[in-house]
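To keep things clear, I will list the structure first and then write my remarks on it.
The values are calculated or read from the model by the stated rules, or taken from the named source; none is laboratory data. All values reported here derive from a predicted model rather than from experimental measurement. Glycine also receives a Cβ, built like all others from the backbone with ideal geometry; neighbour counts cover every protein chain displayed.
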C-alpha cells in the first residue's frame with residue numbers, strides 16, 4: 001500500500017463537488033507537470049503543476065478577489081538560470097501545500113500560502129542577484145536554505161518590512177520541519193538568524209465620545225432603511241424585467257417600447273414602493289439609474305456590516321464570508337418545570353450569527369450573539385441577498401449574505417460577494433473629527449505609544465476607523481463597564497455592555513456548546529482561541545487587577561472589614577517603597593489564575609472568589625462581617641444616611657420598617673464599634 005500526502009488547502013477549504021478533489025500525491029514519486037493542485041466545484045483544474053499560473057481562488061476562505069500565484073513575473077528576463085529558480089519556487093510551494101501543517105487545525109490556509117509565496121519569490125530574486133557578487137555567484141534555493149550566512153543576508157534584505165520579518169521565521173520553520181526526503185535537503189533552523197522588527201502597533205481603542213458618535217451614526221442610518229427590507233427586496237425582483245429602471249427615453253429610442261408599455265423608471269419605482277424616505281439624504285439615487293441604485297444598496301450593506309462589527313467584535317473576513325442562512329435561534333437552557341410539569345420559566349433562547357451553516361452535531365466555526373440591531377441588520381441583508389440570488393440564478397443556501405448588488409446593472413449568473421475596499425470612500429461614513437480630549441484619552445489608553453508622532457491621529461484629522469478597532473474597543477469598554485463608572489456613556493451604550501457582561505461573563509460555560517467547536521479527540525466542546533470572549537475575559541481580569549491597585553491599595557482612605565483591616569496593616573509594615581509595576585504584574589497573574597478577585601460593593605469592595613449568595617439576595621449589610629470585605633467609611637456613612645431617610649417613609653410596625661431598621665442598626669453598630677473608635681472620618 002502506497003503512502004500518500006493530501007492537499008492541506010483543500011482540507012481547509014469549504015469547497016464541495018463530486019469532482020472537486022485535487023490530485024493525491026504518492027510519496028516517493030516525482031511531481032509530474034500535469035499534477036492538479038486545485039480544482040473548482042465543477043472539477044475544472046485551476047492550478048496545474050506545469051503551468052505558469054496557479055489559481056487557488058476555489059479554496060479561498062475570504063472575499064479577497066485574487067488568490068493566484070504567477071511564476072513568469074518573478075524575473076524581468078528569461079534564461080536557464082531563471083527557469084531553474086522558477087522550478088525551485090514551484091517545488092517549495094508544492095511542499096508547503098502537501099508536506100506541512102499549520103495553525104490550530106493543522107492545515108495551511110490559502111491566504112497564508114499567498115504570503116509565503118511572496119517571500120519565496122523574493123528569495124528567488126535574492127538568489128539570482130548573487131550572480132553579480134564575484135565572491136558568491138548565482139546560488140540555488142538549496143544553497144540558500146542550507147547556509148546560515150546566506151539566510152542571514154536574505155533576512156537583512158527585508159529589514160524594513162514588518163510583514164516580511166514576521167513571516168520569514170515561520171516559513172523557515174516549515175521548511176526545517178519538512179523531511180529531507182520531500183524537500184531534497186535539510187533546511188537550516190530559523191534560530192540564530194537576525195531578523196528585523198516584527199512588532200506593529202495595536203489597533204487603538206476608539207475614544208469614548210468618538211465611539212458614541214459612531215454608535216449613533218450607524219444606528220441612525222440603519223433605522224432609515226432596515227424596516228423596509230421587504231419593499232426593497234420586491235423592488236430588486238422587478239429588475240427581472242429587462243426594461244425596468246430604464247428612462248422612458250431609453251426604452252423608446254433604444255428598445256422601441258411604446259408609451260403604453262413603459263416599465264417604471266427608478267424614480268417612479270421608488271415612489272411606487274413607498275421608499276422615498278429611504279432613498280433620501282446620503283442614500284439618494286442621483287442620477288436615478290441602475291448603477292446608482294445598486295451603489296446605494298451597497299452603501300446599505302456597508303452600514304449593516306459596520307453594525308455587525310460594532311456589536312459583535314467579529315473580524316473583517318469573518319463578516320465578509322457570512323452566508324445567507326447564518327442566523328439562527330439557539331437554546332442555552334431548557335424549560336424549568338415544577339414536579340407537576342408546569343413550566344415555571346421558559347427556555348432561554350439567544351439569536352446567533354455564525355460564519356458557517358454546516359452542521360455535523362456541532363458548529364465548525366465561530367458564532368456570535370446577534371442581539372438587537374445585529375439581528376435586524378442581518379435579516380435585512382438576507383432579504384436583499386435572496387432577491388439578488390434570484391436575479392443571478394444562484395442557489396440561495398450557498399449565497400453570500402453580502403451578495404454584490406452590481407448584478408442589477410450587469411446581469412450574470414453566479415454569486416459574487418461585495419468587496420468593501422479599504423481605500424474606497426463611502427458617502428455613508430461617519431466623518432468624526434479628532435478633538436484634543438480624544439487625543440488625550442487615546443494617550444491614556446496606551447501610554448507606551450507616541451500618538452503625537454502619528455499624523456493620522458492629530459487633532460483636526462478625521463478618525464482613521466478600521467473594523468478591528470470595533471473588536472478591541474468592544475472588549476475594552478465592555479469589561480471596564482463592570483468595574484469603572486463612565487458617566488459620560490449614554491443609556492444605549494450601557495445597554496450594550498450589560499448584554500456583553502451577561503452573555504460573555506455570567507453565561508460563559510453555557511455558551512461553550514453554541515459558540516464552540518467539537519474536539520473529536522477529547523469529546524468536548526471548546527471555544528476557538530480567536531473568540532472575543534477570551535479577550536473580554538482577559539481584559540476583565542486585567543481591569544480587575546488595576547482596580548485593586550487604584551481603588552484599594554492606592555486609596556488614602558482608611559479601610560475596614562476583614563480584608564480591609566488586613567490591607568491597612570500591610571500598608572503600615574516597613575518603610576520600603578513598593579515597585580508598582582512588579583506588583584501590578586503579580587496582581588494581574590493572580591487575578592487571571594483565579595487566586596484573587598475584586599468587585600465594588602455598596603459599602604466598599606469584595607475580594608471573595610466566586611459567587612456571593614448574599615449579594616444576589618441584596619443583603620448588602622452581610623459585607624460587614626464577611627471575611628472578604630473591604631469597608632470604606634465614606635460609603636458606609638452614605639448608605640447609613642440613605643437607609644435612615646428611607647426608614648422615615650415607613651410606618652412603625654410594618655414589615656418594611658422592621659427590615660430597614662435592622663439594616664440601620666447593623667450599619668450604626670459597625671460605625672460605632674469600628675470607624676468612630678479608630679477616629680476615621
Practice task
Filter region 218-246 down to residues that are more than 30 Å from residue 429 (Cβ to Cβ) and touching a residue at least 24 places away in the same chain (Cβ under 8 Å) and give me whichever is surrounded by the fewest Cβ atoms within 10 Å (Cβ to Cβ).
Solution key: 240
Exercise for the section: Take residue 341 and decide whether it is modelled with pLDDT under 80 and at positive phi. Expected result: yes
Fill in the blank from the handout: Taking region 431-453 and the residues there that are assigned to a loop (DSSP other than H, G, I, E, B) and modelled with pLDDT of 90 or more, the one that is nearest to residue 466 (Cα to Cα) would be 432
Exercise for the section: Evaluate the following for residue 574: is it in the same structural domain as residue 670 (by TED's automatic domain parsing), part of a loop (DSSP other than H, G, I, E, B), at pLDDT below 60 and exposed (fewer than 10 other Cβ atoms within 10 Å of the Cβ)? Expected result: yes
Completion exercise
Reported set for region 626-661 where residues are modelled with pLDDT of 85 or more and either assigned to a strand (DSSP E or B) or farther than 16 Å from residue 602 by Cβ (or both) is 661
Practice task
Might you let me know whether region 141-155 holds any residue that is outside the structural domain of residue 93 (by TED's automatic domain parsing), more than 30 Å from residue 457 (Cα to Cα), in contact with a helix residue (DSSP H, G or I) (Cβ under 9 Å, 6 or more places away or on another chain) and crowded, with 17+ Cβ neighbours inside 10 Å?
Solution key: no
Exercise for the section: For residues that are in a loop (DSSP other than H, G, I, E, B) and surrounded by fewer than 18 Cβ atoms within 10 Å (Cβ to Cβ), scanning just region 358-391, find the one that is modelled with the highest pLDDT. Expected result: 372
Exercise for the section: Go over the candidates 266, 215 one by one and state the one that is within 36 Å of the chain's Cα centre (by Cα) and in contact (Cβ under 8 Å) with a residue 12 or more places away in the chain. Expected result: 215
Problem - Search result, residues across region 276-294 that are in contact (Cβ under 8 Å) with a residue 40 or more places away in the chain and in a helix (DSSP H, G or I) - result: 281, 282, 283, 290, 291, 293, 294
